[in-house]
Amino acid sequence: ITNYKLIPNETYSYVVNVNKTVNISNKNLKKIEVQFNQIVGDFYCCNNKLTSLEGCPHIVNGHFDCSNNQLSSLEYCPEIIEGTLWCNNNELNCLEGPKIIYEWLDCNNNKLTLNSLKRMNVDIKINYIEINNNKELGELENVTDFQELKEKVEDIFKIKKEKENLLN
């Protein structure tokens, strides 16, 4: 990694800011041994054996790709991603983590459920989402507008609750 700056930090001793794209993909990594802070560029940690995103930057001023790992959650995912988040082909059962994604979210081929979509951070800003080939999403897989997806998930849970109330 070049073009970086170490910044003193109480929790980690130092964190790293990088003014360039960081690519640690295809390294057979099980964990990220450095604590990144901000990346001015893209951050690629795909095609490894990561089970956690601990060590990932807090802010990425570009795209963030953690696809093709063994992640079950997006805990430690950057809070702000100014590009696309690719987290496809993992074991994700929830999407909690990122607060702002400016472009699109690709979470195809995971283990997402209706409940996991319901728990998504409501402040998240996404223009486009792909959720194909997940556990029980059925017709929702074709919805690519994030706001429409949130509304449909809310409607499904409202209908379920109404059915439960009728049975009681």
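I want to verify the translational diffusion coefficient of region 22-70 in µm²/s; compute it with Stokes-Einstein, Rh as the Kirkwood radius over Cα pairs, at 37 °C and 0.692 mPa s. Mind dumping the intermediate values first?
On the way: Rh = 10.5 Å.
Value of D from the Cα-based Kirkwood radius: 311 µm²/s.
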Solvent-accessible area per residue, Å², over region 1-130 with all protein chains present [probe radius 1.4 Å]: 50
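Between SER52 and LYS135, what's the calculated FRET efficiency when r is the beta-carbon distance and R0 is 22 Å? Round to 0.05. Mind showing how you got there, number by number?
Numbers: r = 21 Å, r/R0 = 0.97.
According to the calculation, E is roughly 0.55.
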Accessible surface of the chain [probe 1.4 Å, protein heavy atoms]: carbon and sulfur percent: 45
Amide proton proximity set for ASN133, modelled H, under 5 Å, gap of 5+: ASN109
Approximate spin-label separation ASN17-LYS111, in nm, with each point projected 7 Å along Cα-to-Cβ: 3.9
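Hey, how much of the P(r) for the chain falls beyond 27 Å, as a percent of Cα pairs? Let's see the in-between values first.
Details: 3936 of 14028 pairs.
Of all Cα-Cα distances in the chain, 28 percent exceed 27 Å.
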Whole-number percent relative contact order across the chain, with pairs defined as alpha carbons under 8 Å at least 6 apart: 12
Alpha-carbon radius of gyration plus Dmax, which is the widest Cα pair, for region 49-133 in Å: 11.3, 30
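The values are calculated or read from the model by the stated rules, or taken from the named source; none is laboratory data. No experiment lies behind these values; they were computed from the predicted model shown. Glycine gets a Cβ as well: all are built from the backbone with ideal geometry, and neighbour counts include every protein chain shown. Remember, those area values only see protein heavy atoms, side chains included, never the ligands or the DNA or RNA. Shrake-Rupley method; radii C 1.70, N 1.55, O 1.52, S 1.80 Å.
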